[in-house]
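Notes for the one structure printed next.
The values are calculated or read from the model by the stated rules, or taken from the named source; none is laboratory data. What you are looking at is a predicted structure, and each value in this text was computed from that prediction instead of being measured. In this analysis, Cβ positions are derived from the backbone assuming ideal geometry, glycine residues included, and neighbour counts consider all displayed protein chains.
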Amino acid sequence: MSTEFLNSIHSQVNRHEFVAKLLRQPTFCAHCRKFIFGIGKQGYRCRDCSTVVHKHCHQDVVWKCPRNEADDAAETENRGTTENQFNMPHRLAPHFYKRPTFCDHCGSLLYGLKHQGLQCSGCKLNFHHRCQQNVANNCCAGAA
């Protein structure tokens, strides 16, 4: 890796490579579900999966970056099934939203007039079609 790339990464948490990001539109934090606002680079964005969180929330992110999970397969296998109980995929289906709704992954507004995004039938989280491949398998609908 180049030193320029390494210098651009501000923090690594659960295989996420967070970089400070200037957000030009209202954005929700994927961790605490509150708006990210302020002057300058208010949020952190994962370089690989594009999830966006507050600077003060990024250390609390508990889900692993889904784009880097392949690197982690052997490590998870050695630890047993403790983590696998939280490895529940979302059941996503196209959804029509009657009011402005934000993506629970990247925090941006879901645009369009019909089928603006996808909603999980279990936990009711909402995502852009473009974010679908980056969403972590952390559906809590089956958790008891």
Search result, residues across segment 93-128 that are free of Cβ contacts under 8 Å to residues at least 24 places away in the same chain and either in contact with a Lys or Arg (Cβ under 8 Å, 6 or more places away or on another chain) or in a loop (DSSP other than H, G, I, E, B) (or both): PHE96, LYS98, ARG99, PRO100, LEU110, TYR111, GLY112, LEU113, LYS114, HIS115, GLN116, LYS124
Within segment 124-144, of all residues that are among the aliphatic types (A, V, I, L, M) and surrounded by fewer than 20 Cβ atoms within 10 Å (Cβ to Cβ), the one farthest from ARG24 (Cα to Cα) is ALA144
Give me the residue from segment 42-70 that is out of contact with any helix residue (DSSP H, G or I) (no Cβ under 8 Å at 6 or more places or on another chain) and small (Gly, Ala, Ser) and, out of that set, farthest from MET88 (Cα to Cα). GLY43
Qualifying residue in segment 80-87 (condition: at pLDDT 90 or above and surrounded by 11 or more Cβ atoms within 10 Å (Cβ to Cβ)): no
Which one of these does HIS31 not meet: (1) modelled with pLDDT under 90; (2) of a type outside the set (Gly, Ala, Ser); (3) within 22 Å of ASN87 (Cα to Cα); (4) part of a loop (DSSP other than H, G, I, E, B)? (1)
Within segment 37-47, how many residues are at pLDDT below 90 and either surrounded by 13 or more Cβ atoms within 10 Å (Cβ to Cβ) or among the hydroxyl-bearing types (Ser, Thr, Tyr) (or both)? 2
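Yes/no matrix, rows are residues, columns are (1) touching a strand residue (DSSP E or B) at 6+ places or on another chain (Cβ under 9 Å); (2) crowded, with 20+ Cβ neighbours inside 10 Å; (3) at pLDDT below 90:
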site	(1), (2), (3)
ALA93	yes, no, no
LYS98	no, no, no
GLY107	yes, yes, no
GLY117	yes, yes, no
GLY122	yes, no, no
For segment 103-144, which positions are at positive phi and of a type in the set (Gly, Ala, Ser)? GLY107, GLY112
